[in-house]
Amino acid sequence: MGIVIAVISGKGGVGKTTTTANVGVGIALNDKKCVVVDFDIGQRNLDMILGLENRVVFDMVQVMDGEVGLKQALIKSKISPNLSFLAASQTKDKSVLNSEKILKLINDLKADFDYVILDAPAGIETGYEHTIEFADRAIIVVNPEVSSIRDADRAIGILDSKSQKVKDGEEVFKYLIINRINPKMVKSGEMLSSEDILDILNIPLVGKIPEDTAIIDASNQGKPIILNKKSEAGQAYERIAGRLCGNEIDMQDVENPKSGILHKFKGMFK
Amino acid sequence: MFGFFRKKSSATTAKDRLTIAIMTDRENADAYPFMDQLKAEIIEVVKKYIGVKAIEIKKETQGDIDALSIDIKLEEK
């Protein structure tokens, strides 16, 4: 039976979809069967980040309604045979979701994949509640910025009261990802540090991602940043995916990158 | 070295403000665990008389007085 991980943030625009795509690719490259599902009904985006928008024929709502089989709707990524994708419906709205149908879909996916990764919609409305309903674990994505952290805390509160696991008396394990860290600003005291954020949210950290302009280029092309081995954000996602697969990987000090003269000198010849 | 003369960094301000805001948020969320049930029952009662679209209940504190504010959004005609 696979593990269901919901990727949540509360606030929109913090890198939730980018995280879902990269973590999905990273897990697949770790030789695990992985499916990423876009739960953002009406605002489909994960397909573009994965570069699969032209291959979407059927969506998850059609699967849930029994209009098409799951196998027909799943799209195999060319990046790895281990990676599949299920698109959100672009035409319907969030009210089409119901718990019974979602549970069946998730159980079917769990039977076929080691990891089932769900990209939650922003906000904490019903679409979000449905995404976390049957999650075993959750990845919480935040930016080092007050509104993102406050909204994440609200989303965590809902996760801890409305998910099925919690209702059954168990715990949904949480992983924190701090995204878009600007090391210079952290150093000068203009940006919340990871320690500050961990003090406030008090959940285990799974990775820190530095701000990286290469992310825009990656999404422009539909090639997840994790495939760009030179990019710092890509490397950070690679480490995160490894940790999610149970590998012991040291936490990199993203906030204090090497910046000695020698390092800069080397950089000139890259 | 010159930190002595500088005012508090904005990250520290952010942390202080966040800590208080989140504490208040959590208090409100935990204040009444029966909130969902309460919502459902109020909807049932009001529905007997008029269509209800949504309901929101918030705990508000003004000075020494705690109050529940209940907003009921009616169905469009």
Q. Does region A:104-122 include one or more residues that are within 28 Å of A:Q235 (Cβ to Cβ) and surrounded by fewer than 18 Cβ atoms within 10 Å (Cβ to Cβ)?
A. no
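Please find, within region A:185-210, the residue that is nearest to the other protein chains (Cβ to nearest Cβ) out of those that are of a type in the set (A, V, I, L, M) and assigned to a helix (DSSP H, G or I).
Looking at residues that are of a type in the set (A, V, I, L, M) and assigned to a helix (DSSP H, G or I), I get A:I200.
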Q.
Quick check on this structure: which one of B:K53, B:K59, B:K15, B:K73 is closer than 30 Å to A:I197 by Cβ and part of a strand (DSSP E or B)?
A. B:K59
Q | Residues of region A:222-251 satisfying the condition of being among the hydroxyl-bearing types (S, T, Y) and either at pLDDT below 95 or assigned to a helix (DSSP H, G or I) (or both) | A | A:Y237
Q: Residue by residue through region A:156-184, note down the ones that are in a helix (DSSP H, G or I) and free of Cβ contacts under 8 Å to residues at least 12 places away in the same chain.
A: A:G157, A:S161, A:V166, A:K167, A:K184
(Q) Take the residues in region A:144-162 that are within 9 Å of another protein chain (Cβ to nearest Cβ), of a type in the set (A, V, I, L, M) and within 19 Å of the chain's Cα centre (by Cα); name whichever of them is nearest to B:L18 (Cα to Cα). (A) A:I149
Q) Counting only residues that are basic (K, R) and over 19 Å from the mean Cα position of the chain (by Cα), which one in region B:33-61 is nearest to the other protein chains (Cβ to nearest Cβ)? A) B:K53
Q: Kindly indicate which of A:K208, A:K223, A:K187, A:K174 is more than 26 Å from A:A21 (Cβ to Cβ) and basic (K, R).
A: A:K187
Q | region A:88-98, residues that are β-branched (V, I, T) and assigned to a helix (DSSP H, G or I) | A | A:V96
(Q) Checking the condition buried (at least 22 other Cβ atoms within 10 Å of the Cβ), away from chain B (no Cβ under 14 Å) and not acidic (D, E), which residue from A:V96, A:V141 passes? (A) A:V141
Q | Only one of A:K11, A:K101 that is within 18 Å of A:A138 (Cα to Cα) and either out of contact with any Leu (no Cβ under 8 Å at 6 or more places or on another chain) or outside any helix (DSSP H, G or I) (or both) | A | A:K11
Q: Look at region B:18-32 and say how many of its residues are part of a helix (DSSP H, G or I), at pLDDT below 85 and more than 7 Å from chain A (Cβ to nearest Cβ).
A: 4
**Q.** From the options A:K165, A:K174, residue that is buried (at least 18 other Cβ atoms within 10 Å of the Cβ), under 16 Å from the mean Cα position of the chain (by Cα) and more than 14 Å from chain B (Cβ to nearest Cβ)
**A.** A:K174
Q.
Given (1) part of a helix (DSSP H, G or I); (2) under 15 Å from the mean Cα position of the chain (by Cα), identify the lone condition not met by A:K71.
A. (2)
Q: Within region A:114-142, work out how many residues are hydrophobic (A, V, I, L, M, F, W, C), outside any strand (DSSP E or B) and either out of contact with any Lys or Arg (no Cβ under 7 Å at 6 or more places or on another chain) or at pLDDT 95 or above (or both).
A: 5
Q. Do we have any residue at all in region A:26-34 that's surrounded by fewer than 23 Cβ atoms within 10 Å (Cβ to Cβ), in a helix (DSSP H, G or I) and acidic (D, E)?
A. no
Q. Given the residues A:S95, A:S84, A:S99, which is the only one that is more than 30 Å from B:I55 (Cα to Cα) and small (G, A, S)?
A. A:S84
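Criterion first (among the polar types (S, T, N, Q) and over 16 Å from the mean Cα position of the chain (by Cα)) does A:N179 satisfy it?
In short, no.
The values are calculated or read from the model by the stated rules, or taken from the named source; none is laboratory data. This one's a predicted model, so the numbers in the text were calculated from it and none came from an experiment. Glycine also receives a Cβ, built like all others from the backbone with ideal geometry; neighbour counts cover every protein chain displayed.
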